[in-house]
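Heads up: the structure comes next, in structure tokens.
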């Protein structure tokens with residue numbers, strides 16, 4: 001990993017007797033660039049330079065002068081993370097402006113704010129220190145001990161300790177009213193992990209089976225934030241406050257757990273209570289139907305190499321816009337400081353043409369998405385006739401073969417994407433080219449033959465008939481975010497109607513669509529697949545669209561997945577093929593990367609996917625435009641000739657660009 005390693009964790013390990021342990025020491029650089037030093041002492045050891053004093057933003061210095069805040073030395077932890085700026089030491093001040101299409105969906109600004117226990121490098125090849133300084137495995141990957149950064153404080157000044165992780169586990173995850181279905185990511189081997197506090201800054205997780213991917217789920221990704229501010233939330237919890245239901249009714253909730261969920265901290269997007277403390281660099285100050293406003297966290301636990309407390313930027317504003325087209329117009333007009341999440345690849349030439357006028361710079365990053373527009377067929381459709389048709393693999397293969405991916409690529413991705421099936425990123429060590437090509441050629445003749453074999457005859461109007469004599473009609477739902485979902489679906493409608501299937505497409509609001517797919521009310525849902533880069537597809541269940549039964553709007557077998565997650569207590573028992581892919585996933589996670597078992601089970605998983613086509617892909621790996629205000633510095637670095645900028649949900653979009661050290665010049 002190079003010479004810039006986290007080494008002081010070894011001193012901690014001496015004090016903890018661990019037999020047959022496997023230590024993991026963080027790399028602190030990526031592609032030759034040093035990104036972090038775990039503590040000021042580590043910075044001194046490697047550079048010979050001491051950080052002798054700490055400095056802070058003028059707006060905070062004024063509050064200290066007024067007696068409203070302690071001095072910066074009292075607000076920083078004993079072990080602040082030292083951030084090496086991308087290009088230069090920044091200046092304090094400014095407002096970061098971004099946009100969003102919906103208060104309940106991701107956006108550029110809030111994604112950039114997320115802090116997890118760990119961080120990844122931009123290409124996901126290195127795990128980096130963050131809230132945690134280090135971790136160690138023992139008992140053949142059945143125990144993982146994580147070491148927290150000493151002295152970190154919540155944004156209200158209260159200590160952040162292992163108790164906040166224990167509270168999340170014992171009082172949120174294990175509480176059946178707050179978490180009725182336990183996330184299977186915390187149930188390796190079908191049994192819930194156990195969580196044990198060793199001391200205020202050491203926490204141990206134990207599993208029923210080897211679980212080497214466990215630390216990776218705690219990088220900067222909102223679904224896996226494994227803590228909550230106990231000191232703030234316990235008044236809303238029935239275990240700690242017998243009057244919690246009364247308090248809930250005072251706040252217009254009918255039961256305590258709904259009130260608790262409102263106040264529970266969120267990360268990435270959807271934060272609701274401005275009073276809920278956070279450990280992120282910016283704190284939510286206010287929100288309404290038009291915007292969300294954030295302000296710097298006075299207790300943020302990172303500094304630069306000259307001892308300046310981060311972040312550099314004072315405030316951030318997220319404005320809500322009515323459509324993806326409006327968001328793109330705002331970007332072209334130079335009204336945003338960063339944009340990428342909702343930019344359309346087809347607009348890249350327009351964005352480049354307006355760089356000088358809009359006073360921004362735009363680059364093309366490489367998308368982490370395995371496929372940019374996909375179609376998940378609901379195998380648990382409530383209509384028994386459709387369900388039988390959809391579960392026939394010939395139907396799914398026919399739909400895939402009917403799609404002209406080259407045309408989609410030319411019309412909506414400037415010809416720069418890759419026509420391919422919905423599968424993992426080809427840079428995965430276990431990748432097979434056959435997966436990307438599986439039923440991805442344009443072959444409407446074979447598609448028609450497959451439908452004919454199924455007995456789906458055409459009626460007088462040319463559309464195919466169901467076995468009960470009714471016309472086969474399919475509704476495609478799509479969410480009009482993150483790329484040209486609507487435009488591509490118009491083409492897909494045309495392709496499928498050419499093979500005799502009547503199609504209607506319908507844009508959906510996010511919350512409505514998620515409700516539909518999680519109650520199995522949809523026919524086909526259009527979204528994309530992400531978490532397909534090697535570390536992510538290996539690590540995640542929730543968040544990984546390929547993992548059975550799918551996730552977000554890409555859900556293809558919710559009831560089958562529910563049956564597996566609940567050990568048969570809910571949902572519907574799936575066929576053996578579906579059980580096989582589930583079992584293969586969990587066998588895969590027992591093996592560390594680089595082992596023969598790791599490769600064998602990974603290929604077992606995606607061999608099944610390539611055969612079954614649960615999700616139909618169109619094109620993927622499209623270059624993605626990223627826009628940055630011309631005077632916003634420390635965002636992009638000087639790349640090596642073989643290096644790429646990566647952007648997408650796998651690396652949490654702007655997160656690996658380290659927003660805490662951005663500044664306005």
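If residue 640 meets every condition in (1) closer than 24 Å to residue 367 by Cβ; (2) modelled with pLDDT under 95; (3) touching a helix residue (DSSP H, G or I) at 6+ places or on another chain (Cβ under 9 Å) apart from one, which number is that one?
(3)
Go through the residues of the range 608-616 one by one and say whether even a single one is in contact (Cβ under 8 Å) with a residue 40 or more places away in the chain, more than 22 Å from residue 372 (Cβ to Cβ) and either surrounded by fewer than 20 Cβ atoms within 10 Å (Cβ to Cβ) or within 16 Å of the chain's Cα centre (by Cα) (or both).
Yes.
Go through the range 572-598 and give me each residue that's in contact with a helix residue (DSSP H, G or I) (Cβ under 9 Å, 6 or more places away or on another chain) and on the phi > 0 side of the Ramachandran plot.
Of everything in the range 572-598, nothing turns out to be in contact with a helix residue (DSSP H, G or I) (Cβ under 9 Å, 6 or more places away or on another chain) and on the phi > 0 side of the Ramachandran plot.
Being free of Cβ contacts under 8 Å to residues at least 24 places away in the same chain, over 24 Å from the mean Cα position of the chain (by Cα) and not in a loop (DSSP other than H, G, I, E, B) is the filter here; which residues of the range 326-354 pass it?
Residues satisfying the conditions are 326, 329, 350, 352, 353.
For the range 176-222, name all the residues that are assigned to a loop (DSSP other than H, G, I, E, B), touching a strand residue (DSSP E or B) at 6+ places or on another chain (Cβ under 7 Å) and without any contact (Cβ under 8 Å) to a residue 24 or more places away in the chain.
Hit for the range 176-222 is 193, nothing else.
Pick from the range 361-384 the residues that are at pLDDT 95 or above and not in a strand (DSSP E or B): which of them is nearest to residue 415 (Cα to Cα)?
Here the residue is 378.
Kindly provide the set of residues from the range 423-438 that are over 18 Å from residue 374 (Cβ atoms), touching a helix residue (DSSP H, G or I) at 6+ places or on another chain (Cβ under 8 Å) and in a helix (DSSP H, G or I), ordered by number.
434
Would you pick out the residues in the range 119-129 that are over 17 Å from residue 311 (Cα atoms), under 14 Å from the mean Cα position of the chain (by Cα) and in a strand (DSSP E or B)?
Within the range 119-129, just 120 meets the criteria.
From the list 488, 517, 537, 503, pick out the single residue that is buried (at least 18 other Cβ atoms within 10 Å of the Cβ), part of a helix (DSSP H, G or I) and over 20 Å from the mean Cα position of the chain (by Cα).
It is 488.
Do we have residue 389 as closer than 15 Å to residue 525 by Cβ and either surrounded by fewer than 24 Cβ atoms within 10 Å (Cβ to Cβ) or in contact (Cβ under 8 Å) with a residue 12 or more places away in the chain (or both) here?
When the stated conditions are applied, residue 389 does not pass them.
Please go through the range 557-580 and pick out each residue that is in contact with a strand residue (DSSP E or B) (Cβ under 9 Å, 6 or more places away or on another chain) and either within 24 Å of residue 652 (Cα to Cα) or part of a helix (DSSP H, G or I) (or both).
558, 561
The values are calculated or read from the model by the stated rules, or taken from the named source; none is laboratory data. Treat the numbers as computed from the prediction; the structure is a model and nothing was measured. Positions of Cβ are backbone-derived with ideal geometry, glycine not excepted, and every protein chain shown enters the neighbour counts.
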